[in-house]
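First comes the structure, then the notes that go with it.
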Amino acid sequence: MIGEPRWPAATWVAGGVLFILLATANGAGYRYGVSDQAFYIPVVTRSLQPAAFPRDGATIDAEGRLMVLDEILAAGIRATGVSLETLYLGGYVASMALLWTALVLIG
């Protein structure tokens with residue numbers, strides 16, 4: 001409505017933090033690390049270090065063959081020097097922030 005004060009930015013940020021916490025707690029059974037460590041993390045690790053996982057290399061390569069993201073993430077790690085765990089955490093927080101922003105804009 002015209003003339004009504006808008007919510008302060010601190011309220012939106014607090015709402016965003018609360019949203020990220022609640023969305024993480026209500027992950028519908030998804031737990032970071034279980035499926036990621038079984039597939040995505042080894043594929044990116046193998047892209048960084050081709051000699052990693054010598055006994056499982058054929059399986060990891062077969063699973064990751066059609067994935068482009070592993071090379072992109074590996075290139076990002078090489079360029080920035082951040083750890084794989086930090087990169088995954090940043091991606092998770094960024095995706096939650098993007099979802100919160102979309103909810104605010106839709107609402």
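A few comments on the model shown:
- Here each label is just a point 7 Å from Cα along the line to Cβ, and for Ala94 and Leu69 those points are 1.2 nm apart.
- FRET efficiency for the Asp61 to Ala102 pair, using the beta carbon distance and R₀ = 35 Å, is estimated at 0.45.
Coordinate-derived values only; no laboratory data. Computed from a prediction, not measured in an experiment: that's the story for all the values here. Reconstructed Cβ throughout: ideal geometry from the backbone, glycine too, with neighbour counts over all protein chains shown.
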